[in-house]
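Below: the structure, in structure tokens.
No lab work stands behind these numbers, since they all come straight from the coordinates. Every value quoted in this text rests on a predicted model; they were computed, and no experiment measured them. Cβ coordinates were reconstructed from backbone atoms using ideal geometry, including for glycine residues, and neighbour counts include every protein chain displayed.
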Amino acid sequence: MALPECQKKFSHFDSGSLATGLPVFIWEEAAEAGFVKENNLGFLIKSLYDIRGIFDSLTEEDYRELVKNVSNVSEKIRNDYFTKRALSAAEKLLTTI
């Protein structure tokens, strides 16, 4: 699993980790924490000390579901799904101006 710096913004590192199929640990106050939680792509943490408890309570079934979700988002990232969606939304906004 990828372990970015606890209190940094979602970055190329995080999307790169997801693109390669790695779940992420992300600071629970980060702007992207909602996306990670809603899509079950990793774990929200307050501090690095939370990680041990997460691993101790993680079941095989929970891990399989996490890996499946990360795999789905990974494919979308690699196929520029989110970029295309953002560009499409921007085009719609520009045509209404």
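How large is the helix-only mean residue ellipticity at 222 nm for the chain, computed as the sum of -39500 (n - 2.57) over DSSP H runs with n ≥ 4, divided by its residue count, in deg cm²/dmol to the nearest 500?
Numbers: 5 runs with 56 residues, N = 97.
Helices in the chain give a 222 nm mean residue ellipticity of -17500 deg cm²/dmol.
Hey, can you grab everything whose amide H is under 5 Å from the amide H of Phe25? Only 5+ residues off in sequence or another chain; H modelled, so Pro and N-termini drop out.
Long-range HN contacts for Phe25: Ala2, Phe43.
Taking the Cα centre as origin and putting +1 on Lys and Arg beta-carbons and -1 on Asp and Glu beta-carbons, what dipole magnitude results for the chain, to the nearest 20 debye?
On the way: 12 positive and 15 negative charges, 81 e Å.
Here the size comes out at about 380 debye.
What shape does region 23-82 have by the C-alpha gyration tensor, where a ≥ b ≥ c are the square roots of the eigenvalues, rounded means a/c under 1.5, and otherwise prolate means a/b greater than b/c and oblate the rest? Each step should come with its number before you reach the end.
Working: a/c = 2.84, a/b = 1.35, b/c = 2.10.
It is oblate, given that a/c is not under 1.5 and a/b is not larger than b/c.
Scan region 11-97 for chymotrypsin sites (Phe, Trp or Tyr not before Pro) in coil per DSSP, keeping those whose Cβ has at most 14 other Cβ atoms within 10 Å, and list them by number. List each step's numbers first, then the result.
Numbers: sites: Phe13, Phe25, Trp27, Phe35, Phe43, Tyr49, Phe55, Tyr63, Tyr81, Phe82; in loops: Tyr49.
Those satisfying the criteria are Tyr49.
Pull up all non-local amide H partners of Glu32: gap of 5 or more, or a different chain, and H-to-H distance under 5 Å with H placed in the peptide plane.
Phe10
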